[in-house]
1. Can you give me the number of residues within the range A:94-112 that are of a type in the set (A, V, I, L, M), surrounded by 21 or more Cβ atoms within 10 Å (Cβ to Cβ) and within 11 Å of chain B (Cβ to nearest Cβ)?
2. Against the definition (under 28 Å from A:ASN7 (Cα atoms), over 13 Å from the mean Cα position of the chain (by Cα) and without any contact (Cβ under 8 Å) to a residue 40 or more places away in the chain), how does B:SER73 come out, yes or no?
3. Could you look through the range B:62-89, keep only residues that are more than 14 Å from B:PHE34 (Cβ to Cβ) and either among the acidic types (Asp, Glu) or within 13 Å of chain A (Cβ to nearest Cβ) (or both), and pick out the one that is surrounded by the most Cβ atoms within 10 Å (Cβ to Cβ)?
4. Across the range B:34-56, which residue is nearest to B:LEU68 (Cα to Cα) among those that are at pLDDT below 90 and of a type outside the set (Gly, Ala, Ser)?
5. Looking at the range A:40-57, which of its residues are in contact with a Ser or Thr (Cβ under 8 Å, 6 or more places away or on another chain) and more than 15 Å from B:GLU102 (Cα to Cα)?
6. So in the range A:71-93, with the set limited to residues that are in a loop (DSSP other than H, G, I, E, B) and modelled with pLDDT of 95 or more, which one is surrounded by the most Cβ atoms within 10 Å (Cβ to Cβ)?
Amino acid sequence: QKEVEQNSGPLSVPEGAIASLNCTYSDRGSQSFFWYRQYSGKSPELIMSIYSNGDKEDGRFTAQLNKASQYVSLLIRDSQPSDSATYLCAVSVNTGFQKLVFGTGTRLLVSP
Amino acid sequence: GAVVSQHPSWVICKSGTSVKIECRSLDFQATTMFWYRQFPKQSLMLMATSNEGSKATYEQGVEKDKFLINHASLTLSTLTVTSAHPEDSSFYICTTRTGGREQYFGPGTRLTVT
């Protein structure tokens, strides 16, 4: 069983729409959750972190966490073609170094 | 966020040779750095955790004698791929944590072994 699961996509949305990206995880002890954006051929870039249940908003991005359901999501409002990328969900594993386990990523395509 | 650099950004080497990749934290002192590997169209896989002044902690299935990690200072960790083979061709990325929970990625090093 994969520790972090994401739909590989592609998820296609028109410009201006809301893109909804989902992630489930298996380790109930996980405390930290992250969304990274990765453009093709580039290194991932941290866009959101969330640690407690509920919503966290930062500009056009909203992260949602439900620990009971072991589910974390990312909403992108007013999607832009520049948002087209692969979005990686990462979950901390409860070890001394707080290492991260990554999902396989969801590819988002925003059409003009 | 933290600023992390890697060198080189890409490297081509012949099978059987060794390659060293450097990871530097530019604006803070990092006691812990992480090394990941990403094959095409796959996700990131943690290879090892690099600790300043002590031996690295390797993930299961990663050969510590093949992937040598040295974290000799608070700003520099190196990954040496010894006796590289074509199957080692990948995107190698280091990350570091500032003391909070977030990890910040270096720009990555693309290794091609011919």
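1. Total satisfying the criteria: 1.
2. Details: under 28 Å from A:ASN7 (Cα atoms): no; over 13 Å from the mean Cα position of the chain (by Cα): yes; without any contact (Cβ under 8 Å) to a residue 40 or more places away in the chain: yes.
No; evaluated as a whole, the condition is false for this residue.
3. Let us first name the residues in the range B:62-89 that are more than 14 Å from B:PHE34 (Cβ to Cβ), namely B:63-66, B:68, B:70, B:72-76, B:80-89.
Next, only the ones that are either among the acidic types (Asp, Glu) or within 13 Å of chain A (Cβ to nearest Cβ) (or both) stay: B:63, B:65, B:87-88.
On the way: B:GLU63: 10, B:ASP65: 8, B:GLU87: 9, B:ASP88: 19.
This residue is B:ASP88.
4. First pass over the range B:34-56, keeping only residues at pLDDT below 90: B:40-43, B:50-55.
Among the residues that remain, those that are also of a type outside the set (Gly, Ala, Ser) are: B:40-42, B:51-52, B:55.
Details: B:PRO40: 23, B:LYS41: 25, B:GLN42: 23, B:ASN51: 13, B:GLU52: 14, B:LYS55: 10 Å.
Applying the filter and picking the extreme gives B:LYS55.
5. Across the range A:40-57, the qualifying residues are A:SER40, A:ASP55, A:LYS56.
6. Narrowing the range A:71-93 to residues in a loop (DSSP other than H, G, I, E, B): A:77-80, A:84, A:93.
Within this subset, residues satisfying the condition of being modelled with pLDDT of 95 or more are A:77-80, A:84.
Details: A:ARG77: 13, A:ASP78: 12, A:SER79: 22, A:GLN80: 12, A:SER84: 19.
Of everything passing the filter in the range A:71-93, A:SER79 is surrounded by the most Cβ atoms within 10 Å (Cβ to Cβ).
The values are calculated or read from the model by the stated rules, or taken from the named source; none is laboratory data. Note that this is a predicted model, so its numbers are computed, not measured. When we count neighbours, we look across all protein chains shown, and the Cβ atoms used for this are built from the backbone with ideal geometry, even at glycine.
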